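For reference, the structure is listed below as structure tokens.
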Amino acid sequence: MKLTTISCLNDLKIKRKKFAVLTAYDFSFAKLFSSEGIEVLLVGDSLGMTLQGHNSTIPVTINDIAYHTSSVRRGAPHALIISDFPFLSYATPQQSFKNAAKLMRAGANMVKLEGGRIWVIETIRMLTERSVSVCGHIGLTPQSINILGKYKVQGFDKKNADIIFENAQAIESAGAQLLILECIPNKLAKIITKTLKIPVIGIGAGNNTDGQILVMYDIFGITDGNIPKFAKNFLSETGDIRAAIRQYISEVKNGNFPSIEHCF
């Protein structure tokens, strides 16, 4: 099986070929996803809600992410693995360096951090200068839930759309090699994707991004509580877990997912 690297994703963007990403938290699902053709996996702090039963991602620790990263790496040795920096694990440069080392040693190829504020941009710059590959994450940032008040679409008004666009450019300029856009209007995501040279991955950001990501439980229809507008139950259409994964990959690559009903 071919090793997936950031260079592979850059080539796909140049060739205008889309790619599919899923969250993964353990050996068995990581192995399954990889064997069915998922080349990029995110060990997300979403595990706080999907695995641990919390009502937000805030309680997740760096040790939680490192533990699950090592499990996913054993299951998918050829995948590009992105691991989340959880809440307040990158508040200072010293924290960022220490925790990046922990996640990379656990098997991550790249760390992901939320936000586009000045201190985050500087952290991205310092990490990449020290050979840590970084994925940015803007739009809806779940770790900011206590400030946002609720999970809601970002960037509908011009002022906030301009801020998101400027943050995307700043994140790229700081050295990030990937960017995730969450819950923003399709038109804004399209502009950002066309403007940036780095690959852009969307979740609730329309079908004009270079890649798509979903939480694994969403594609199997076993999400507890409210189902996000951008999610789709692929298992209900196929009746088989492996077929559901393949269908997800196929619809992402041919541009059929997300459809208009999943966009903002």
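Each value in this text was obtained by applying a stated rule to the coordinates, not by laboratory testing. Every value quoted in this text rests on a predicted model; they were computed, and no experiment measured them. Positions of Cβ are generated from backbone atoms using ideal geometry, with glycine treated the same way; all protein chains shown enter the neighbour counts.
Remark: the Cα gyration tensor places the range 1-132 in the oblate category, a/c being 1.5 or greater and a/b not exceeding b/c.
When a/c reaches 1.5 or more, the comparison of a/b and b/c decides; with that in mind, is the chain rounded, prolate or oblate per its Cα gyration tensor?
Rounded, because the longest to shortest axis ratio a/c is under 1.5.
Computed from the C-beta positions of N55 and I118 and an R0 of 35 Å, the FRET efficiency is 0.70 to the nearest 0.05.
For the chain, adding -39500 (n - 2.57) for each run of n ≥ 4 DSSP H residues and dividing by the number of residues yields -12500 deg cm²/dmol at 222 nm. The string of couplings for the range 132-139 from the Karplus curve (6.51, -1.76, 1.60, θ = phi - 60°) is 9, 6, 10, 10, x, 8, 10, x Hz, one whole number per residue in order, with x for Gly and Pro.
Structure note, pairs K102/K190; K31/K187; K112/K229; K98/K194; K98/K232: Cα-Cα distances above 28 angstrom occur for K102/K190; K31/K187; K98/K194; K98/K232.
The simple spin-label model puts a point 7 Å past each Cα toward its Cβ; for S259 and D11 those points are separated by 3.3 nm.
Take the chain, connect every pair of alpha-carbon atoms lying under 10 Å apart with a spring to form a Gaussian network, then pick out the residue of G139, G225, G211 with the largest mean-square fluctuation. The residue that fluctuates most here is G225. Among 35-42, 236-243, 93-100, the peptide with the highest mean count of other Cβ atoms within 10 Å heads the list, and the full ranking is 35-42, 93-100, 236-243. Between F33, F220, F85, the GNM of the chain built on Cα springs shorter than 10 angstrom shows F220 fluctuating the most.
Taking trypsin sites (Lys or Arg not before Pro) across the range 8-56, the ones in a DSSP loop with at most 13 further Cβ atoms lying within 10 angstrom of their Cβ are K15, R16, K17. A straight line joining the Cα centroids of the range 72-131 and the range 44-61 runs 18 Å.
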